[in-house]
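Here's the structure we're looking at; comments come further down.
Just so you know, all these numbers are worked out from the coordinates, no wet-lab data involved. A quick note: this is a predicted structure, and the numbers were derived from the prediction, not measured. Glycine also receives a Cβ, built like all others from the backbone with ideal geometry; neighbour counts cover every protein chain displayed.
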Amino acid sequence: MVKVNVIFHSIHGHIYKMAEAIADGAREVKGAEVEIYQVPETLPYEVLEKMGAIETKNLFAHIPVVTRSMYEDVFAGADALIFGTPTRYGNMTAQMRTVFDGLGGLWSRDALVGKVGSVFTSSGTQHGGQESTILTTHVTLLHLGMIIVGLPYSEKRQRRMDEITGGSPYGASTIAGADENRQPSENELEMARYQGRYVTQIAKKLAGREKEL
Ligand SMILES: Cc1cc2nc3c(=O)[nH]c(=O)nc-3n(C[C@H](O)[C@H](O)[C@H](O)COP(=O)(O)O)c2cc1C
């Protein structure tokens, strides 16, 4: 058995759709137990309303919100953690950061050391910071002692030149468009499925072997 948790933040639904695709890929691996969680939203309702995000937030209102009392189970209890965050100026969102900053207790007792970690993202514009968002999030995963897995070039869809697409060796990604109206393409969703499957396969090989590390 291998336990994989996908943890995401999303406002307009792009990262949520990618998270579902990541989870679908992970579930293709025999013995995988996969759950999806969203991080708590910190923006007030009025701000979300101004962002036109009430409807899109409702799309994934059924996904459980990870709260402090669940950290032990959701983070320490997994073999692999796959994080999805939209870009904010080339970094993860503050909402996602708040969760990472709450993991000090787990960090201090090495609870995430040796677990597999991976990141996927989205941005408004094509070159708006997808790679930097994933890489700067990797820094946090490294501090937590995680083994980082990206999206290898064996996933050929990231080489496509006949259409605009997200996806890089760092991880799956989608381009939301400056007005957030573009939806994740099939190419991008396939890359997300690949990443979910690949991370899970690696986590399965390592699961239960922490003492050997
Ligand atoms: C405060 C703020 C900063 C942002 N910074 C960037 C940026 O630097 N580059 C970019 O391409 N998009 C940027 N965006 C757009 C978001 O990344 C985009 O809305 C998001 O990827 C959509 O994902 P979601 O539908 O899951 O919320 C920013 C959005 C906000 C609200």
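With +1 assigned to the C-beta of every Lys and Arg and -1 to the C-beta of every Asp and Glu, and no other charges, what is the dipole magnitude of the range 2-212 about the Cα centre in debye, to the nearest 20?
The dipole magnitude comes to about 560 debye.
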Exercise. Among the DSSP beta bridges whose two residues both lie in the range 2-212, what percent are antiparallel, rounded to the nearest 5?
Worked result: 5 percent
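First obtain the Kirkwood hydrodynamic radius of the range 2-212 from its Cα pairs, then insert it into the Stokes-Einstein equation at 20 °C and 1.002 mPa s, and state the resulting D in µm² per second as a whole number.
Numbers: Rh = 16.9 Å.
Taking Rh from Cα pairs, D becomes 127 µm²/s.
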Seminar exercise, completed: Result: in the chain the number of Lys pairs with C-alpha under 18 Å apart, spaced 8 or more or on different chains, is 11
